[in-house]
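What follows is a set of notes on a single structure, which appears directly below.
Values in this text are rule-based calculations from the coordinates and carry no lab data. Values in this document were obtained by computation on a predicted structure and should not be read as measured data. Glycine gets a Cβ as well: all are built from the backbone with ideal geometry, and neighbour counts include every protein chain shown.
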Amino acid sequence: MKIKMGWLVLIISQSLLLSACSFGQPDGQQEESESVTRPSVESKVVAQDLSIPWSIQNQDNVFYITQRTGGIVEIMDGEKSVVKTSFSKPLSSSPEAGLLGFVLHPEFKTNQQAFAYYSYDDSGDHYNRVVALKRTANEWTEEKVLLDRIPSGQFHQGGRLEIGPDDRLYITTGDATRQDHAQDLSFLGGKILRIDLDGGIPSDNPFKDSPVYSYGHRNPQGLAWNRDGELYETEHGPNGYDEVNLIKAGNNYGWPKITGDDKAEGMVSPLSNSGEPSWAPSGADFWKEDFVFAALAGQSVKRFDTETGEVTDLLKGFGRVRDVLVEGDTLYFVSNNTDGRGIPRENDDKLYEVDLKSVMNEE
Ligand SMILES: [Ca+2]
């Protein structure tokens, strides 16, 4: 189905205040109440009626957005179509699970390949896997499983995929609520993994014959490299204490031994943490020197100033935000109000576009 979309400027004439109950103890979700408030900046709606959108890619003026419930939304010239994903296992419907990360192959234009991270159920147990996909005429078809049996649990799936400046595939995995996995190099949970695009283990990985790049993570969510090729990450902490980390090969980021500003020998503390309030950070990107990231519980796009170490709100008032993409001075982001923990507005969820220079002028 194709839906013609014009450029819409979202105007909410009055702010609505609503309440939502909190949902048990899922990840970083301790919002006591949520409010639907006026957007803090002017924006354009690029696409709407998305079903729990998770990850944004853009190449040659086509957006590719995964939906956690399956399918990849393609948006070109304001036309939206949902392209079916054909996987070898049925998607898990656990909270936070499903079709998560997605990244196009660097040679996508010629080989039509991409990579995806999804959760599935198998004989009563739950796992995540990383697969290579191919875009055929009518669907995205799974071609090869690159990494399998990544632990999945009730919460903390990880799931972000990014291709680094070194043309390797980086993968974030959650501890799947089994905390001790994060410190155990023999488990794939609670890690940042790094593999070759064909699924092989790079010979310069920090641990021999292991995809583990860094460990001691609880639920890492966003990855982005700055202009110097340094890797920054966002991570969900326990009841607040969400983190921004500078990731280096072989480092131990401390979970579950240390959180917040705690220090311990052989472990790396975050560059910044949220303290008690929860950001529930997710996808990330760089705009110039600033690390920009989505916040779910924090209902905003946040900016980590790499010089001062300060985290501030870049924009808010759109509800929960799952992923961001920066292209030049333009920020794209997807809301996540249909994920069962937010308050969906009319035609949610949406892909928004914002001019970052105007945002900075308004500050
Ligand atoms: Ca940590």
Query raised in the report: Restricting the search to the stretch 118-132, which residues are buried (at least 23 other Cβ atoms within 10 Å of the Cβ) and either over 18 Å from the mean Cα position of the chain (by Cα) or not hydrophobic (A, V, I, L, M, F, W, C) (or both)?
Result: 118, 119, 128
Query raised in the report: Between a first residue in the stretch 244-258 that is without any contact (Cβ under 8 Å) to a residue 12 or more places away in the chain and more than 14 Å from residue 233 (Cα to Cα) and a second residue that is more than 7 Å from the ligand (Cβ to nearest atom) and not β-branched (Val, Ile, Thr), which pairs have beta carbons less than 6 Å apart while being 6 or more apart in sequence or on different chains?
Result: 258/264; 258/267
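In the stretch 95-116, how many residues are part of a loop (DSSP other than H, G, I, E, B) and over 14 Å from the mean Cα position of the chain (by Cα)? So that I can check it myself, show each step before the final result.
Applying the first criterion (part of a loop (DSSP other than H, G, I, E, B)) to the stretch 95-116 yields 95-98, 105-107, 112.
From what's left, over 14 Å from the mean Cα position of the chain (by Cα): 95, 105-107, 112.
Summing the residues that are part of a loop (DSSP other than H, G, I, E, B) and over 14 Å from the mean Cα position of the chain (by Cα) in the stretch 95-116 gives 5.
Restricting to strands (runs of 3 or more DSSP E) lying wholly in the stretch 134-184: which have 3 or more residues that are in contact with a strand residue (DSSP E or B) (Cβ under 8 Å, 6 or more places away or on another chain) and over 13 Å from residue 114 (Cα atoms)? Let's see the steps before the verdict.
Details: elements: 139-151, 161-163, 169-173.
In the stretch 134-184, 139-151, 169-173 are the strands (runs of 3 or more DSSP E) which contain 3 or more residues that are in contact with a strand residue (DSSP E or B) (Cβ under 8 Å, 6 or more places away or on another chain) and over 13 Å from residue 114 (Cα atoms).
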Report task. Would you point out which residue out of 293, 333, 318, 286 is within 16 Å of the ligand (Cβ to nearest atom) and under 18 Å from the mean Cα position of the chain (by Cα)? Result -> 293
Requested in this report: Tell me, please, whether a residue that is part of a strand (DSSP E or B), within 16 Å of residue 67 (Cβ to Cβ) and of a type outside the set (Val, Ile, Thr) can be found in the stretch 336-357.
Outcome: yes
Query raised in the report: Taking interchain pairs and intrachain pairs at least six residues apart, which have beta carbon atoms under 8 angstrom, with the first residue in the stretch 296-325 and closer than 15 Å to residue 38 by Cβ and the second among the basic types (Lys, Arg) and not in a loop (DSSP other than H, G, I, E, B)?
Result: 299/316; 300/316; 313/302; 313/303
Requested in this report: Evaluate the stretch 336-352: report whether one residue or more is over 19 Å from residue 47 (Cα atoms), within 16 Å of the ligand (Cβ to nearest atom) and within 19 Å of the chain's Cα centre (by Cα).
Outcome: no
Query raised in the report: Can you name the residue in the stretch 237-267 that is of a type outside the set (S, T, N, Q), in contact with a Leu (Cβ under 9 Å, 6 or more places away or on another chain) and closer than 21 Å to residue 177 by Cα and is also farthest from the ligand (Cβ to nearest atom) among such residues?
Result: 244
Query raised in the report: Within the set of pairs 6 or more residues apart or between chains, which connect a residue that is free of Cβ contacts under 8 Å to residues at least 60 places away in the same chain and closer than 19 Å to residue 103 by Cβ inside the stretch 120-134 to a residue that is among the polar types (S, T, N, Q) and part of a strand (DSSP E or B) with Cβ atoms less than 6 Å apart?
Result: 128/119; 134/113; 134/141
Query raised in the report: With respect to residue 115, is the statement that it is buried (at least 16 other Cβ atoms within 10 Å of the Cβ) and farther than 17 Å from residue 233 by Cβ true?
Result: yes
